[in-house]
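Student: Dropping a structure here in structure tokens format, bear with me for questions.
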Amino acid sequence: MRVFQPRFRFASTRIERGFTLIELMMVLVIIAVLLGVAGPAFQESLRRSRLQSSLNDTVSMLSFARSEAVSRNGPVAACASTDGASCSGSAWESGWLVFVDDGDGAGATARDGVVGGSEEILRIGDPAPDEITVRTANFPAAGNIIFIESGRLDRDQPGTFTICDARGAAFARAVIVNVSGQGRLAVDADDSGTVEDDAGNEVACP
């Protein structure tokens, strides 16, 4: 005869072990060290990226405006804009417009660098990233630039677009626009640590 033997299942004893205070402190110290090393490098990389992006946008704006003037066989201008609809101020980092500056419509004047009347807006530029400034030097007007049908600058006066961030002029980038309307990147010809504008002077940041 088979004797029934009850089976008992005992719950396994599991020891839960958490972090000790010392271990937590060590982890926090390691995190702080990593942030101290990587944080500034990341910030520097981010600034370089923002500066380069704004430089690229400026070059693209100028190239587009000049190309449109040639293809349309008429004046095309770019101007600083704070609202994406009208020309205003000289802080290009707030935004910009590229438009047909042909004096079309009531209240508009051809080749004045100000959009008005029925003048067609061709492109609207977004504001630059935080800390970025985009300003001009040596052009007839600080807030606009005009290309005529040949692609040349309207008044044959070269100038410079300077792009800066919080680090100042030593890190600034610039685009020089010559009388033919073509742009080139500014260089530090005298090895002073700061690039020079079209007149050979070190660029300045606001």
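The values are calculated or read from the model by the stated rules, or taken from the named source; none is laboratory data. Computed from a predicted structure; not experimentally measured. A quick note on method: Cβ atoms are made from the backbone with ideal geometry, for glycine too, and the neighbour counts reach across all protein chains shown. Ligands, DNA and RNA are excluded from the accessible area calculation, which covers all protein heavy atoms including side chains. Shrake-Rupley method; radii C 1.70, N 1.55, O 1.52, S 1.80 Å.
Student: What are the pairs, 6+ residues apart or on separate chains, where a residue within segment 62-73 that is surrounded by fewer than 16 Cβ atoms within 10 Å (Cβ to Cβ) has its Cβ under 8 Å from a residue that is hydrophobic (A, V, I, L, M, F, W, C)?
Tutor: Final answer for the pair search is Arg72/Val100.
Student: From the list Val203, Val187, Val177, which one is β-branched (Val, Ile, Thr) and over 26 Å from Pro127 (Cβ atoms)?
Tutor: On inspection, the qualifying residue turns out to be Val187.
Student: Given the conditions (1) closer than 30 Å to Ala166 by Cβ; (2) modelled with pLDDT of 90 or more; (3) of a type in the set (Lys, Arg), which single one is not true for Arg47?
Tutor: (2)
Student: Identify all residues within segment 74-104 that are surrounded by fewer than 19 Cβ atoms within 10 Å (Cβ to Cβ), out of contact with any strand residue (DSSP E or B) (no Cβ under 6 Å at 6 or more places or on another chain) and not hydrophobic (A, V, I, L, M, F, W, C); write none if there are none.
Tutor: Residues satisfying the conditions are Gly74, Thr82, Asp83, Ser86, Ser88, Gly103, Asp104.
Student: Next question, about the same structure. Which count do you get for residues in segment 105-116 that are modelled with pLDDT of 95 or more and open to solvent by 30 Å² or more (accessible area, probe 1.4 Å)?
Tutor: Matching residues across segment 105-116 total 5.
Student: Taking Ala128 as meeting all but one of (1) more than 21 Å from Cys205 (Cα to Cα); (2) of a type in the set (Gly, Ala, Ser); (3) in contact (Cβ under 8 Å) with a residue 40 or more places away in the chain, write down the number of the exception.
Tutor: With respect to (1) more than 21 Å from Cys205 (Cα to Cα); (2) of a type in the set (Gly, Ala, Ser); (3) in contact (Cβ under 8 Å) with a residue 40 or more places away in the chain, Ala128 is out only on (1).
Student: Strands (runs of 3 or more DSSP E) wholly in segment 158-206 with at least 3 residues that are closer than 16 Å to Phe139 by Cα, of a type in the set (A, V, I, L, M) and open to solvent by less than 50 Å² (accessible area, probe 1.4 Å) - which ones? Can you show your working first?
Tutor: Working: elements: 159-164, 173-177, 183-185.
By residue number, 173-177.
Student: So which residues in segment 128-140 are closer than 23 Å to Arg47 by Cβ, in contact with a strand residue (DSSP E or B) (Cβ under 9 Å, 6 or more places away or on another chain) and either among the acidic types (Asp, Glu) or surrounded by fewer than 19 Cβ atoms within 10 Å (Cβ to Cβ) (or both)?
Tutor: Listed by number, the residues that qualify are Glu131, Thr133, Ala137.
Student: Okay, next question. Given the conditions (1) under 18 Å from Arg66 (Cα atoms); (2) of a type in the set (D, E, K, R); (3) modelled with pLDDT of 95 or more, which single one is not true for Arg155?
Tutor: Unmet for Arg155, out of (1) under 18 Å from Arg66 (Cα atoms); (2) of a type in the set (D, E, K, R); (3) modelled with pLDDT of 95 or more: (3).
Student: Can you name the number of the only condition in (1) in contact (Cβ under 8 Å) with a residue 40 or more places away in the chain; (2) open to solvent by less than 10 Å² (accessible area, probe 1.4 Å); (3) assigned to a strand (DSSP E or B) that Gly151 fails?
Tutor: Status for Gly151: all satisfied but (3).
For (1) within 22 Å of Ala204 (Cβ to Cβ); (2) not in a strand (DSSP E or B), each residue gets a yes or a no:
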position: Ser71; (1), (2): no, yes
position: Cys87; (1), (2): no, yes
position: Glu93; (1), (2): yes, yes
position: Asp102; (1), (2): no, yes
position: Gly107; (1), (2): no, yes
position: Ser118; (1), (2): no, yes
position: Thr136; (1), (2): yes, no
